[in-house]
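J.: Below: one structure in structure tokens.
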Amino acid sequence: MSIFVFNVQQVRGRELTSHAESLDYLKSLGLPVSPRYHIVHDIEDAIAEIEQIGQNRAALDFDMDGAVIKVNNFAQRELLGSTNKFPRWAIAFKYPPEVKETTLRSIEVGVGRTGVLTPTACFDPVFLAGTTVSRATLHNEDFIRQLGLCIGDTIQVRKAGDIIPEVIGVTRHEPDAQPYQMPEFCPSCGAPAVHLEDEAALRCVNPECPAQALRNIIHFASRDAMDIDGLGTMVATQLVDKGLVHSAADLYDLTIEQLLTLEKFKEKSANNLLQAIEASKQNNLDKLMFAFGIRNIGDKAAALLAEHFGSLQAIREATEEQIGEIDGFGGVMAQSVTEFFAKDGTTDLVHRLADAGVNMQWKGEPKGDKLAGKTLVVTGTLETLSRSEAEALIVKNGGKASGSVSKKTAYVVAGAAAGSKLTKAQALGVPVLTEVEFLAMIAEDKSQQ
């Protein structure tokens, strides 16, 4: 790993008055700094420099996606000051993603956890934003139709945000090229692929589809679900391929003898996995609800369901109308829950999990009331909390964690690189909290203990 040092936080025995001076000083100490930093005296020269950097960035021996204009003089920076999150003396410019042409060789169709058939473009390798890419998602049938994709096309590819490869257009069709057609049958199990109402995606609705079974098991064991340490994609794949596991309930019947047949498994690793599976039985109900992988139900909605009804049995018996009464639930979410528990396969899964001793009761702590009746939005990167941890604290203290800012939002908790949500909050006059202010708001009053 290598770095460019771009700032002096503290220095003794020397006074630095400008950014350029500080970079020169860092360079004299032998520290690596950006090879290009220029002082300009008006905005026209600043724009010209940005354009020059952009034109030459492909020739650099390191990746970069933008340039920053900063006020050079430190005293002037002090006068300009900062907003809650950003300095007024600096502004970043992002360059448009690099676009390259290549040839589409094939389209692979995979089956996701919920049965969605996802097409992936396979093309001649191209070097983009520092890495070689040869695959990119095509999203769904409508996207393919809009682009008019045919095998053999010359296509344009870029990395969205300089990270995720994507196909953005077609520049040339081969003579007599035929538009690509999505398969009519699931490539994993051969069952008919269907469009559900109001969906662009094709789905396999066969509950026994092996591709779905594998992804369901991977999801069931994932960190935000049952958190079974040691049961990742490679282990789950072996378990399914060997016929040891067909559903999540089979995990609780595994023996050490069966695990020792897996590649790279010794007695210690097998025992560790069995202990992790055993420990998962004590998880709270919200973890199990999320682990089921119900369509349209994320971890927040799973927690709302578990806390509201208190037991899995109560959730299974609830009507669509009763579920829809939960704050934050809509009709589609409520319908997804009732449809999931109406399936015969779900009934069998629940009974087997119960027989294995998996907890099916809500064990949540009583909510505090410091944020009672208030809706908060978390945006940006906080210093000590992940976004999910901050949102969990909001709920724990009686508030509601929302994903969007409106006039009803009580506070926005903003971290570094907060974007449009912070801008909207400022436009609406919604109070903005730093992480420190948020934690102080919900802190225990020790003087009353």
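Every number here is computed from the coordinates shown, using simple stated rules; none is lab data. Here the structure is a predicted model, which means the values were calculated and not measured. Positions of Cβ are generated from backbone atoms using ideal geometry, with glycine treated the same way; all protein chains shown enter the neighbour counts.
J.: As a footprinting exposure proxy, order TYR180, TYR252 by other Cβ within 10 Å, with the fewest listed first.
T.: Exposure proxy ranking, most exposed first: TYR252, TYR180.
J.: Could you tell me how far the Cα centroid of the range 306-325 sits from the Cα centroid of the range 373-449, in Å?
T.: Measuring centre to centre over Cα atoms gives 28 Å.
J.: Under a point spin-label approximation (7 Å from Cα along Cα-to-Cβ), what is the THR171-VAL332 distance to one decimal in nm?
T.: Modelled inter-label distance: 3.7 nm.
J.: Ordered by residue, what ³J(HN,Hα) values in Hz, to whole numbers, does the range 178-192 give under the Karplus form 6.51 cos²θ - 1.76 cosθ + 1.60, where θ = phi - 60° and Gly and Pro are x?
T.: 10, x, 5, 10, 5, x, 7, 10, 4, x, 8, 10, x, 6, x
J.: So, one more: Can you tally the net charge around VAL350? Count Lys and Arg as +1, Asp and Glu as -1, for every other residue whose Cβ sits under 13 Å from the Cβ of VAL350.
T.: -1
J.: Okay, next question. Could you state the number of Å between the C-alpha centres of the range 1-28 and the range 154-173?
T.: Using only Cα atoms, the two centres lie 40 Å from each other.
J.: Could you work out how far helix 43-56 tilts from the main Cα principal axis of the chain, as a 0 to 90 degree angle to the nearest 10?
T.: For helix 43-56, the angle is close to 60 degrees.
J.: With the cut-off at 1.5 for a/c, could you classify the range 195-324 from its C-alpha gyration tensor as rounded, prolate or oblate?
T.: Oblate, since a/c reaches 1.5 and b/c is not below a/b.
J.: With an 8 Å Cα cut-off and a minimum separation of 6 or more residues, compute the relative contact order for the range 97-206 in percent.
T.: It rounds to 27 percent for the range 97-206.
J.: Moving on. With axes computed from alpha carbons, what is the tilt in degrees of helix 267-280 against the longest principal axis of the chain, rounded to the nearest 10 within 0 to 90?
T.: The angle comes out at about 80 degrees.
J.: Using 0.36 nm times the number of residues separating SER2 and HIS41, minus their current alpha carbon distance, what extension gain do you get?
T.: Full extension from SER2 to HIS41 adds 10.9 nm.
J.: Also, I was wondering about something else. Taking H placed 1.01 Å from N in the peptide plane, check which residues at least 5 places from ASP124 or on another chain put their amide H under 5 Å from its amide H.
T.: So ASP124 has HN proximity to THR103, ARG105.
J.: How do ILE168, ILE294 rank when sorted from fewest to most other Cβ atoms within 10 Å of their own Cβ?
T.: So the residues, fewest neighbours to most, are ILE168, ILE294.
J.: Still on this structure, please answer the following. First select every other residue whose beta carbon is under 14 angstrom from the beta carbon of GLN146; then total the charges, Lys and Arg +1, Asp and Glu -1.
T.: Residues close to GLN146 contribute a combined charge of -3.
J.: While we're on this one: For Cα pairs less than 8 Å apart in space and 6+ apart in sequence, what is the mean separation divided by the residue count of the chain, i.e. the relative contact order in percent?
T.: 8 percent.
J.: If packing is taken as the average count of other Cβ atoms within 10 Å, what order do 391-398, 341-348, 205-212 fall into, highest mean first?
T.: Top of the packing list down: 391-398, 205-212, 341-348.
J.: Same structure, new question: Of all beta bridges DSSP finds with both residues in the chain, what is the antiparallel percent, to the nearest 5?
T.: In the chain, DSSP labels about 80 percent of beta bridges as antiparallel.
J.: Same structure again: Would you check the range 375-448 for Lys pairs whose C-alpha atoms are within less than 27 Å, ignoring same-chain pairs closer than 8 in sequence, and give me the count?
T.: 13
J.: Going by alpha carbons, how many degrees (0 to 90, nearest 10) lie between the helix axis of 331-342 and the longest principal axis of the chain?
T.: Computed tilt is about 40 degrees.
J.: While we're here: Subtract the Cα-Cα distance of GLU339 and SER269 from 0.36 nm times their separation in residues, and report this length gain in nm to one decimal.
T.: Length difference between fully extended and current span is 21.4 nm.
J.: Still on this model: Rounded if a/c is under 1.5, else prolate if a/b is larger than b/c, else oblate: which is the range 375-448, with a ≥ b ≥ c the root eigenvalues of its Cα gyration tensor?
T.: Prolate, since a/c reaches 1.5 and a/b exceeds b/c.
J.: So what J values fall out for the range 226-239 if you push phi through Karplus, 6.51 cos²θ - 1.76 cosθ + 1.60 with θ = phi - 60°, rounded to Hz, Gly and Pro as x?
T.: Coupling constants for the range 226-239: 7, 6, 8, 5, x, 10, x, 4, 5, 5, 4, 4, 5, 4 Hz.
J.: Moving to a separate point now. Suppose R0 equals 41 Å; then what is the FRET efficiency for LEU439 and PHE185 from their Cβ-Cβ distance, rounded to the nearest 0.05?
T.: 0.15
J.: A follow-up question, please. Among [x] 80, 73, 50; [y] 86, 53, 40; [z] 64, 52, 48, find the value of Cα extents along the principal axes in Å that was calculated from the structure presented, and write down its label.
T.: [x]
J.: Mind sorting LEU385, LEU60 by how few other Cβ atoms lie within 10 Å of their own Cβ, fewest first?
T.: With the fewest neighbours first, LEU385, LEU60 line up as LEU60, LEU385.
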